[in-house]
Structure formats: C-alpha cells, structure tokens
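Participant: Here you go, one structure.
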Amino acid sequence: MAHTSNPKHKPVAVIVGATSKWQSDGRNTRLAHGRTLDDSDIPVGARWGVGGAIAQKFAQQGFFVALTTRTKANASALADAIQAQGGDCMIVELDLVSQDSIAAAFATIRREAGDPDVLVYNAGYLEGRDLPPEKELLEHIPVEMFDTAQHIASRGPFLVAKEVLPAMRKKGAGSFFFSNNSKSLRGTKRKTGESLYYPRVMMRTLAQVLTEEYSEFGVHVANVVIDGTIDSPGTRTLPKARQQPDSVINPVKIAEAFYYLHTQDRSCWTHELQLTPFPNRPSY
C-alpha cells in the first residue's frame with residue numbers, strides 16, 4: 001500500500017501530545033508569564049518540551065514521525081525544525097476528549113504513513129493549575145476539571161491503545177510508552193499551582209495492565225515517570241528553575257531515554273523508568 005506522506009516506508013513513530021503547554025506560546029507559559037515568550041536563545045531540542053524532543057530524536061533515528069496536537073498551528077514550528085534537520089513528519093489534529101477525533105486521527109496516520117511502530121503517549125493538561133490558594137481542597141475542584149483530567153490520563157490512553165495495539169500484536173512487535181509524572185506513584189494533596197494529577201495513577205495502572213496483556217505478543221509497554229521540572233521556554237524562567245537550575249531536566253536527555261527503551265532487547269525489557277535530577281530525592 002502506498003503511503004502518501006511516507007513514500008520511503010520509514011518506520012512510524014506517533015507522538016501523542018507533540019507540543020508543550022510550556023512552549024513559547026503554550027497555555028501554561030501564558031498563564032504563568034502573561035505573554036508569549038521569545039525562544040530563539042533556547043536549544044531547538046528544548047523548545048517544545050518532552051514531546052518535541054522525542055519527536056526530533058525519533059526523526060533523527062530514521063523514523064517518520066506523526067505529531068499529534070489539538071490545533072495544527074501548535075506544531076508547525078516543530079515540524080519545520082524536524083524537516084530542517086533532514087527528518088520526515090506530518091501533523092495530525094487530535095483531541096483526546098473526543099472518541100471520533102481519536103479514531104479519525106489514527107485512520108489518517110494509517111492511511112498516509114502506515115501502522116505505528118512506536119506510540120508515545122505524552123498528553124498533558126493544566127486543569128487545576130489556575131485555582132487560587134483558598135481552593136486547594138477537592139471540594140473546590142469543578143467536575144469539568146476532573147472530567148478533562150480523566151479524559152487525558154485514563155480514557156484517552158485507553159482509546160489510543162485500542163487504535164494501535166491490534167496491529168502491533170499481529171506484527172509481533174511495537175513499543176507503547178507513557179510519559180507520566182511523579183503523581184502517578186501515589187495520591188498526594190494538590191497544592192496551589194498544580195494540576196489535578198491523581199488520575200495519572202490510572203495511566204500508570206493501565207501501563208501495568210497492558211504489559212501483562214501484550215508483552216507476550218512482542219509489544220513493549222513502559223511507564224516513564226518524569227520526576228521533576230522539564231526545561232522549556234516557559235519553565236526555565238520560573239523562580240524555582242532559576243534558583244535550582246540543577247533540578248531542571250533536559251528534555252533531549254528524556255528523549256534519549258525513550259529511544260533507549262525502544263531499542264532494548266526483548267530478553268530484558270524495562271517496564272517502568274523513573275527519571276530524577278541528581279540533586280533531588282526520587283519521588284515515591
């Protein structure tokens with residue numbers, strides 16, 4: 001079958017959430033700084049957070065990369081950067097709140113690029129982050145915020161898994177990786193300025209379930225706990241990042257960790273990886 005966007009039939013890596021809410025014009029950046037930032041002095045690998053760094057890494061390694069984002073314009077600069085580096089990619093609009101949008105996005109990817117060999121689920125959300133200090137307790141969380149968190153952290157990956165795992169199972173190979181955070185390890189109180197993160201526990205549990213169900217078919221599933229602040233245009237100027245620069249994680253190095261997972265020999269797969277900056281105590 002001819003794949004119009006991937007005529008060289010490169011292996012396909014799909015990055016769900018290829019852009020960052022902390023990129024120069026991201027939602028968190030505008031919330032924290034009140035404006036769009038200039039990212040011209042930031043290394044290209046860090047301009048779009050984890051998703052952008054992973055996309056660039058896999059493109060550099062010879063993959064055709066499908067960048068998913070809610071709005072195409074969000075990823076246009078990232079796509080330009082990948083192509084300038086000699087890589088191949090496409091942008092696909094995908095809204096994780098909509099089952100129809102997810103189905104349509106993956107139908108497009110299969111038609112134009114091929115079945116995914118690698119799926120990295122890197123979707124994030126900011127719901128809860130803008131609540132004031134007097135609204136830390138659960139009783140103040142609007143149901144709409146909970147619904148969004150559940151869509152992104154639990155229902156979304158369930159639907160994405162249904163789209164890509166059947167082909168991986170039939171092929172007997174593939175990687176399905178979750179980009180998660182330390183709130184997935186146990187329930188903790190939501191502090192002012194934090195998102196409603198406890199649904200992330202469901203994402204980690206889903207990774208464990210899929211490992212049990214699909215490893216025997218040759219599909220590598222892993223939960224990656226990114227345990228700290230990630231360097232990006234919107235985070236590097238925050239007070240805590242300026243005061244403790246060694247506690248900020250380089251997204252290029254996170255991307256290398258994801259690529260390492262994909263290249264592991266199946267005789268010794270890792271199913272959970274926790275990445276913590278050296279001065280910090282690992283979360284648990």
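Participant: Just to be sure I understand the filter: pairs with C-beta atoms under 7 Å, separated by 6 or more residues or on different chains, first member in segment 160-181 and over 20 Å from Ala123 (Cα atoms) and surrounded by 24 or more Cβ atoms within 10 Å (Cβ to Cβ), second member modelled with pLDDT of 95 or more and among the β-branched types (Val, Ile, Thr). Which pairs pass?
Facilitator: So the pair list comes out as Met168/Val219.
Participant: If you don't mind, there's one more thing I want to ask. Within segment 157-174, can one find any residue that is out of contact with any Pro (no Cβ under 7 Å at 6 or more places or on another chain) and in a loop (DSSP other than H, G, I, E, B)?
Facilitator: Yes, segment 157-174 contains a residue that is out of contact with any Pro (no Cβ under 7 Å at 6 or more places or on another chain) and in a loop (DSSP other than H, G, I, E, B).
Participant: Let me ask something else about it. The conditions are (1) part of a helix (DSSP H, G or I); (2) surrounded by 14 or more Cβ atoms within 10 Å (Cβ to Cβ); (3) in contact with a helix residue (DSSP H, G or I) (Cβ under 8 Å, 6 or more places away or on another chain), and Lys240 fails exactly one of them. Which is it?
Facilitator: So Lys240 meets the others, but not (2).
Participant: Provide a single number: the residues in segment 244-265 that are exposed (fewer than 11 other Cβ atoms within 10 Å of the Cβ) and more than 23 Å from Gly52 (Cα to Cα).
Facilitator: Qualifying residue count, segment 244-265: 1.
Participant: Would you tally the residues in segment 25-72 being out of contact with any strand residue (DSSP E or B) (no Cβ under 8 Å at 6 or more places or on another chain), open to solvent by 20 Å² or more (accessible area, probe 1.4 Å) and farther than 12 Å from Val252 by Cβ?
Facilitator: Going through segment 25-72 one residue at a time, the tally reaches 16.
Participant: Check Ala104, Ala153 and return the single one that is over 27 Å from Thr263 (Cα atoms), modelled with pLDDT of 95 or more and assigned to a helix (DSSP H, G or I).
Facilitator: Of Ala104, Ala153, the one residue that is over 27 Å from Thr263 (Cα atoms), modelled with pLDDT of 95 or more and assigned to a helix (DSSP H, G or I) is Ala104.
Participant: Check Ala105, Ala81, Ala75, Ala113 and return the single one that is over 25 Å from Ile226 (Cβ atoms), open to solvent by less than 50 Å² (accessible area, probe 1.4 Å) and in contact (Cβ under 8 Å) with a residue 24 or more places away in the chain.
Facilitator: Selected residue: Ala113, the only one of Ala105, Ala81, Ala75, Ala113 that is over 25 Å from Ile226 (Cβ atoms), open to solvent by less than 50 Å² (accessible area, probe 1.4 Å) and in contact (Cβ under 8 Å) with a residue 24 or more places away in the chain.
Participant: While we're on this one: Taking Glu194 and the conditions (1) open to solvent by 30 Å² or more (accessible area, probe 1.4 Å); (2) out of contact with any Gly (no Cβ under 9 Å at 6 or more places or on another chain); (3) under 26 Å from His140 (Cα atoms), which numbered condition does it fall short on, given that it satisfies the others?
Facilitator: Here Glu194 meets the rest and fails (2).
Participant: Determine if segment 205-222 includes at least one residue that is open to solvent by 10 Å² or more (accessible area, probe 1.4 Å), of a type in the set (Phe, Trp, Tyr) and under 24 Å from Ala46 (Cα atoms).
Facilitator: Checked segment 205-222: no residue is open to solvent by 10 Å² or more (accessible area, probe 1.4 Å), of a type in the set (Phe, Trp, Tyr) and under 24 Å from Ala46 (Cα atoms).
The values are calculated or read from the model by the stated rules, or taken from the named source; none is laboratory data. Small disclaimer: the values here were computed from a predicted structure and weren't measured. Don't worry about glycine lacking a Cβ; one is built from the backbone with ideal geometry, like all the others, and counts go over all protein chains shown. What goes into the accessible areas is simple: the full protein's heavy atoms, side chains included, and nothing from ligands, DNA or RNA. Shrake-Rupley method; radii C 1.70, N 1.55, O 1.52, S 1.80 Å.
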